[in-house]
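Report on the following structure.
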Amino acid sequence: MTTKILGSIAVFSLLSTSLFAAEPARNKALDRMMYTINPEATLGGPVYSDQSDAAAKNKYGSDLVRLILKEADRQASKYLEAGDTQAYYAALTLALTVPMQEGLYIQYRAVEGDVCNTDANNGDLVKKSGETNYNLFNQYFKAAQKPFFPDCSAIKTNKVTQIIRGGDGTDLSLMQVSIRWHFDDFLANKKFESVEQTLQYGISHLMKGFNPVYRNLDNYKCIGEAGGLFKKKKVSYINLIRGIWAGQYNSGSISKTCRFDDSSSPYKHHDKGFEKNLNKILDFNGTLSVDMVGNFKLEPEVAAAFTEVVTNLKNNTNNKTALDKLLK
């Protein structure tokens, strides 16, 4: 009798364990990287959920990559039209890499639990970075009748949507746009309320560095030489990608474009981190592995377009059948 009871308990225990194991747990590491959004806010997704199953996560990753490629194509197609195919693919590869580096491929996170960070949502976190940042935070996120970031005590549900932020709270979204330097458009026009508009803004900021650097290669020896009348332009497009992030995006100045090539730079670890994520993009094999988040196995048509982008960049080719299909 005792043996039978113990056996039943053992079976129940195994069954319970398997049931709980099948239900994804919340990624608590992300809790420290989020503002919690007013549940009444209207957002333009896609929205990531670490508590969803693999199929839902893969769809999320595929939807996000579609948006990235479409927006990057819109802004970089002038290079393709001019016959400069490699500049085009470099711009698309740059656009695929920066959201991984900056925001872990996450803009919004749907999550269930006691996750609202009081110091973040009430502004104490950003206040530590200075009065200007604190005033901007209050103006754009707290002053409305229904604030975008309400105090945690005002949120009456444990099913919430969050937006990813930087460590001190001054950078926001999957593109980690600074509220200090981009308030007049990104904040004022509430572009943070849409993944598509955030990508549009962030990629536009990248291209503001990409275009002048590429036109003036003689000023950036870490990338290449413009060449003379009968000399073909020599460009390292991989270095161009690294330089645009190091200068325009991370430093805020194209004068720092060759920072990544300086072994004595105090920011060499930042640039090595970006290089690691760039290599993940370049070595894409159907699945994206994102630090702290996990894997996104992209849908076949998205994976095929992604593969064409990086293959064309690496091999100096221009085969874009799958990409054209995706962009329609």
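Would you mind finding the one in Val98, Val65, Val111 that is among the β-branched types (Val, Ile, Thr) and over 30 Å from Val235 (Cβ atoms)?
Answer to the check: Val111.
What helices (runs of 4 or more DSSP H) lie completely within segment 1-113 and have 3 or more residues being modelled with pLDDT of 95 or more?
Qualifying helices (runs of 4 or more DSSP H): 54-81, 85-103.
Output the number of the condition that Phe296 fails; it satisfies all remaining conditions of (1) touching a strand residue (DSSP E or B) at 6+ places or on another chain (Cβ under 9 Å); (2) in contact (Cβ under 8 Å) with a residue 40 or more places away in the chain; (3) surrounded by fewer than 17 Cβ atoms within 10 Å (Cβ to Cβ).
Among (1) touching a strand residue (DSSP E or B) at 6+ places or on another chain (Cβ under 9 Å); (2) in contact (Cβ under 8 Å) with a residue 40 or more places away in the chain; (3) surrounded by fewer than 17 Cβ atoms within 10 Å (Cβ to Cβ), the lone unmet condition for Phe296 is (3).
Counting only residues that are touching a residue at least 40 places away in the same chain (Cβ under 8 Å) and among the charged types (D, E, K, R), how many does segment 144-154 have?
1
Results for (1) more than 25 Å from Arg180 (Cα to Cα); (2) surrounded by 18 or more Cβ atoms within 10 Å (Cβ to Cβ); (3) hydrophobic (A, V, I, L, M, F, W, C); (4) touching a residue at least 60 places away in the same chain (Cβ under 8 Å), shown as yes or no for each residue.
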{"residue": "Tyr89", "(1), (2), (3), (4)": "yes, yes, no, yes"}
{"residue": "Gly103", "(1), (2), (3), (4)": "no, yes, no, yes"}
{"residue": "Glu112", "(1), (2), (3), (4)": "yes, no, no, yes"}
{"residue": "Asn121", "(1), (2), (3), (4)": "no, yes, no, yes"}
{"residue": "Lys128", "(1), (2), (3), (4)": "no, no, no, no"}
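Please identify the pairs in which a residue from segment 155-171 that is assigned to a strand (DSSP E or B) has its Cβ atom under 6 Å from the Cβ atom of a residue that is of a type in the set (Ser, Thr, Tyr), counting only partners at least 6 apart or on another chain.
The qualifying pairs are Val160/Thr36; Thr161/Tyr108; Gln162/Thr36; Ile163/Tyr35; Ile163/Tyr108; Arg165/Tyr35; Asp171/Ser178.
Does at least one position in segment 234-257 carry a residue that is at pLDDT below 95, under 20 Å from Val310 (Cα atoms) and either among the basic types (Lys, Arg) or within 20 Å of the chain's Cα centre (by Cα) (or both)?
So far as segment 234-257 goes, yes, one or more of its residues are at pLDDT below 95, under 20 Å from Val310 (Cα atoms) and either among the basic types (Lys, Arg) or within 20 Å of the chain's Cα centre (by Cα) (or both).
If we keep just the residues of segment 53-73 that are free of Cβ contacts under 8 Å to residues at least 40 places away in the same chain and either of a type in the set (Ser, Thr, Tyr) or out of contact with any Pro (no Cβ under 8 Å at 6 or more places or on another chain) (or both), which is surrounded by the fewest Cβ atoms within 10 Å (Cβ to Cβ)?
Selected residue: Ala55.
For segment 152-170, indicate whether the set of residues that are more than 27 Å from Asn250 (Cα to Cα) and among the small types (Gly, Ala, Ser) is non-empty.
Yes: segment 152-170 contains one or more residues that are more than 27 Å from Asn250 (Cα to Cα) and among the small types (Gly, Ala, Ser).
Do we find that Leu217 is within 24 Å of Arg26 (Cα to Cα) and touching a strand residue (DSSP E or B) at 6+ places or on another chain (Cβ under 7 Å) in this structure?
In short, no.
The values are calculated or read from the model by the stated rules, or taken from the named source; none is laboratory data. Keep in mind that what you see is a predicted model, and the values were worked out from it rather than measured. A quick note on method: Cβ atoms are made from the backbone with ideal geometry, for glycine too, and the neighbour counts reach across all protein chains shown.
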